[in-house]
1. Any idea what the dipole of the stretch 109-246 comes to, in debye rounded to 20, about its Cα centre with Lys/Arg Cβ at +1 and Asp/Glu Cβ at -1?
2. Please work out how much accessible surface Ser150 shows to a 1.4 Å probe, ignoring ligands, DNA and RNA, in Å² rounded to 10.
3. I'd like the per residue volume of the convex hull spanned by the Cα atoms of the stretch 19-114, given in cubic angstrom.
4. Under a 5 Å amide H to amide H cut-off, with H placed in plane at 1.01 Å, what residues pair with Val45 once short-range neighbours are removed?
5. Counting pairs of alpha carbon atoms under 8 Å apart in space and at least six apart in sequence, what relative contact order in percent does the chain give?
6. Residue by residue through the stretch 136-151, what is 3J(HN,Hα) from phi via Karplus (6.51 cos²θ - 1.76 cosθ + 1.60, θ = phi - 60°)? Round to whole Hz and write x for glycine and proline.
7. From largest accessible area down, sort Glu244, Glu58; use a 1.4 Å probe on the protein chains.
8. For the stretch 45-59, what does the Karplus curve 6.51 cos²θ - 1.76 cosθ + 1.60, with θ = phi - 60°, yield as ³J(HN,Hα) per residue in whole Hz, taken in order and with x for Gly and Pro?
Amino acid sequence: MSRSCRLLLSFFACFVLGAWPVAAQEGPPPVAVDLSYVLGAGDAVRLDVVGQPDLSGERPIESDGAIQVPYAGRVVVGGYTLDGATEQVTARLRDGYLKNPQVVLTVTKLGSKLVSVSGGVSKQGEYPFTSATLRVSEVIVRSGGLIDPSTPSAQIFRDGAAGRLVLPVDLELIGRGDRAADLELLPGDHVEVPPALQIFVDGQVQKPGTIVFREGMTVTQAVAAAGGASQTALTTRVTLIREERQIPVNLRRIIKGQEADVSLRPGDHVYVPESPI
């Protein structure tokens, strides 16, 4: 069945019968996938058959790639795109139950093809394929992007028959649009981005939180990166916390050029207290 036919069929089921929207509210919402996406065990689909509400419902794809279809038994949809899976279900229903079944399949869960990302990205975790291919740049975007945009490289860990492979990834080349450097991932791959070196600034600053550390960064630069000190800040009593040490810093005198600025190290914590007045 062509894409246009499937869209028209979906509209017909929704508009004319009114059964599909109600059923859809009872289960998980559809997941957007590319037409090239190949279904597999661990995914789930919603089956809707126009005029046959008793056949409709969510169907998990089991380990053998099959879903259970009332009156048709087990139908293998794993290894097929949505169009191909729709044709498989349609054929089985036509053979033994319905004269001209109009079948709509939508994906409701992605779990068959996953990659994981860790390290210097905003949202570490697992991410599913939504199309036939998934590249490093795509999964980094989906993980919220690099904490430090200047991170030069990453690694892909891939388990294979010959053991674990480690593939280097040049993030700088990817950022310049080099398609060859933007490697395609395989299900089960793990992308590891080096953790970003960070410092923490809080207290009476405009934007407290973590800041990416740069070599040579100072206390005044860190406070500026945090949006600057607020009007209620006591800048004469800033504290630099480094491991178990607390180092007093007179930010006001530094800004006036009366004292040397203080260099920072990765992991430092700069605290700007509130003025009692």
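1. That gives a dipole near 320 debye.
2. 60
3. Cα-based convex hull of the stretch 19-114, divided per residue, equals 86 Å³.
4. Correct list: Arg59, Ile61, Thr108.
5. Relative contact order, the chain: 13 percent.
6. Once rounded to whole Hz, the list reads 4, 4, 5, 6, 5, 4, 5, 8, x, x, 6, 5, 10, x, 8, 4.
7. These residues rank, largest area first, as Glu244, Glu58.
8. Coupling constants for the stretch 45-59: 10, 9, 9, 10, 10, 4, x, 10, x, 6, 8, 7, x, 6, 10 Hz.
The values are calculated or read from the model by the stated rules, or taken from the named source; none is laboratory data. Since the structure is predicted, the reported quantities are computational estimates derived from the model, not experimental observations. In this analysis, Cβ positions are derived from the backbone assuming ideal geometry, glycine residues included, and neighbour counts consider all displayed protein chains. Heavy atoms of the whole protein, side chains included, go into the accessibility calculation; ligands, DNA and RNA do not. Shrake-Rupley method; radii C 1.70, N 1.55, O 1.52, S 1.80 Å.
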